[in-house]
Each structure stands twice: as structure tokens, then as C-alpha cells.
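The values are calculated or read from the model by the stated rules, or taken from the named source; none is laboratory data. Source: prediction; values computed, not measured. Cβ coordinates were reconstructed from backbone atoms using ideal geometry, including for glycine residues, and neighbour counts include every protein chain displayed.
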């Protein structure tokens with residue numbers, strides 16, 4: 001996937017708890033809790049301050065604008081939790097056809113409500129994997145598309 005941080009683009013490959021950035025050395029990433037993670041044993045404190053595209057994040061007191069770029073031809077099969085939290089709203093049903101930027105879920109994390117949006121037009125929901133009130137971990141599958 002491609003991520004743009006403060007107007008610099010990075011190629012990111014994620015395999016388990018390892019991340020490769022721009023085909024360089026692998027980084028070991030461990031999420032300690034909902035607002036802290038370790039990258040190669042260095043601690044980072046995360047504070048998400050805005051949602052949408054691009055997002056605004058504060059990491060160790062520094063402000064970053066972050067956006068995810070995906071090719072139009074990429075086939076999106078599922079929606080995963082971007083951060084650990086609790087599902088406070090499920091706004092779609094199995095069998096629904098959803099549109100790009102339609103709100104699918106509201107996820108409460110770090111005392112903020114985050115809207116999780118559909119990434120593409122005309123997707124049909126095959127299965128909803130969570131219910132309102134359920135706690136989820138980062139990367140947990142919330143929804144599967146056909």
C-alpha cells in the first residue's frame with residue numbers, strides 16, 4: 001500500500017508484526033495499547049486528532065498529515081479496525097450495497113468516535129463480523145465484502 005505522510009509518499013508492506021518501508025529493512029511493530037506502540041523497541045505515543053482523508057495525527061508531540069493511497073484496480077475484500085476500540089454503531093447490514101465514503105461503523109477509541117468509511121462504490125456486504133458494543137483490536141476484521 002502507499003501512504004503519504006506530510007507530502008512524502010512511502011510504500012508499505014505489512015507481514016504479521018513486521019513492516020517494510022520502501023523495500024528497506026523490516027521494522028518490528030508491536031501495539032502496546034490503544035495509544036502506544038513500539039517500533040524496533042522505540043516507544044511512540046499516538047494521539048489521533050482528526051479523521052478522514054487525509055487524517056491528522058500527533059505522534060510524540062509532532063503533527064503529521066497522513067493519507068492512504070490505493071490504486072483504483074485494487075480489490076478490497078474486507079474492512080479492518082484501524083485502531084483498538086469499541087464498536088458504538090453498525091450502520092450497514094449483510095446484503096447491502098454500499099457507496100464510497102458511506103459510514104459503515106463508528107468506532108470509539110481514545111475517547112473519540114471514529115467513522116469508518118467504505119473505500120469504494122458499489123461494494124456488496126457479505127458478512128458483518130462485529131456487533132454494537134463489541135471491543136475490537138487493531139487489524140480485526142469488521143466486515144467482509146463479496
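Tabulated results
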| item | result |
| --- | --- |
| Members of segment 119-134 found to be at pLDDT below 90 and part of a loop (DSSP other than H, G, I, E, B), listed by number | 119, 120, 121, 122 |
| Members of segment 13-48 that are modelled with pLDDT of 75 or more and on the phi > 0 side of the Ramachandran plot | 22, 23, 40, 41 |
| Selection from segment 6-38 of residues that are in contact (Cβ under 8 Å) with a residue 40 or more places away in the chain and under 15 Å from the mean Cα position of the chain (by Cα) | 31, 34, 35 |
| Single residue of 136, 125 found to be surrounded by 12 or more Cβ atoms within 10 Å (Cβ to Cβ) and farther than 16 Å from residue 34 by Cβ | 125 |
| Residue count for segment 92-118, restricted to those that are buried (at least 18 other Cβ atoms within 10 Å of the Cβ), part of a loop (DSSP other than H, G, I, E, B) and at pLDDT below 95 | 1 |
| Considering residues of segment 49-70 that are in a strand (DSSP E or B) and over 18 Å from residue 109 (Cβ atoms) only, the residue modelled with the lowest pLDDT | 69 |
